[in-house]
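Heads up: the structure comes next, in structure tokens.
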Amino acid sequence: MDWFNEYSVNVAELNGQHVKIFALIGRLRRGLDEKQERQAIEEVLDNLLDYTQVHFAREEQLMRENDYPDMEKHIAEHAWLQAEVRDRRKNFLLGAEAKATELGAFLYHWLRDHIAVTDKNYGPFLNSKGVE
Ligand SMILES: [Fe+2]
Ligand SMILES: [Fe+2]
């Protein structure tokens, strides 16, 4: 299955942001696999977390502006991830190598599932409101 079938939410701006998120996760996981210096990994991790925050805020704005019925559940998922990542990031900065690999895998799986399921659900709704 290609990227478009699996992950497209059919809103160009948000697809573009998702592509960037996947690219950052790819860089993070590569950095972890190659055991790059912690500082380099932290930098990618911070970029990913900042960008995810910007992206979540944009999605939430579009959902609010258009009165998306599933908005509350969606926003709760974003909030949960952000709290979870803050926690895991702290553990990562404290040390263990295992924590780092785990963090990369966690982010990849969580974001992939969130985009493929929860995000994909708003596509037809936003399209019906003229957001494409
Ligand atoms: Fe998203
Ligand atoms: Fe989302």
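The values are calculated or read from the model by the stated rules, or taken from the named source; none is laboratory data. Bear in mind the structure is a predicted one, so any value in this text is a computation, not a measurement. So basically every Cβ, Gly included, is an ideal-geometry build from the backbone, and we count neighbours across all protein chains shown.
For segment 84-112, a residue qualifies if it is within 15 Å of ligand 2 (Cβ to nearest atom) and aliphatic (A, V, I, L, M), and the qualifying residues are Val85, Leu107, Leu111.
For Glu77, the requirement of being surrounded by 14 or more Cβ atoms within 10 Å (Cβ to Cβ) and either at pLDDT below 90 or more than 13 Å from ligand 1 (Cβ to nearest atom) (or both) is not met.
Glu59 meets the conditions (1) more than 10 Å from ligand 2 (Cβ to nearest atom); (2) surrounded by 15 or more Cβ atoms within 10 Å (Cβ to Cβ); (3) acidic (Asp, Glu) in every case but one. The failed one is (1). Screening Glu13 with (1) within 16 Å of ligand 2 (Cβ to nearest atom); (2) more than 12 Å from the chain's Cα centre (by Cα); (3) more than 19 Å from Ala116 (Cβ to Cβ) gives one miss only, at (3). If you go through segment 15-46, how many residues are in contact with a Leu (Cβ under 9 Å, 6 or more places away or on another chain) and not small (Gly, Ala, Ser)? Number of matching residues: 14. If you check Ile115 against the conditions, is it within 11 Å of ligand 2 (Cβ to nearest atom) and either under 22 Å from Leu28 (Cβ atoms) or among the hydroxyl-bearing types (Ser, Thr, Tyr) (or both)? Criteria met by Ile115. Let me confirm something: among Arg38, Arg30, which residue is away from ligand 1 (no atom under 13 Å from the Cβ) and at pLDDT below 85? The conditions single out Arg38.
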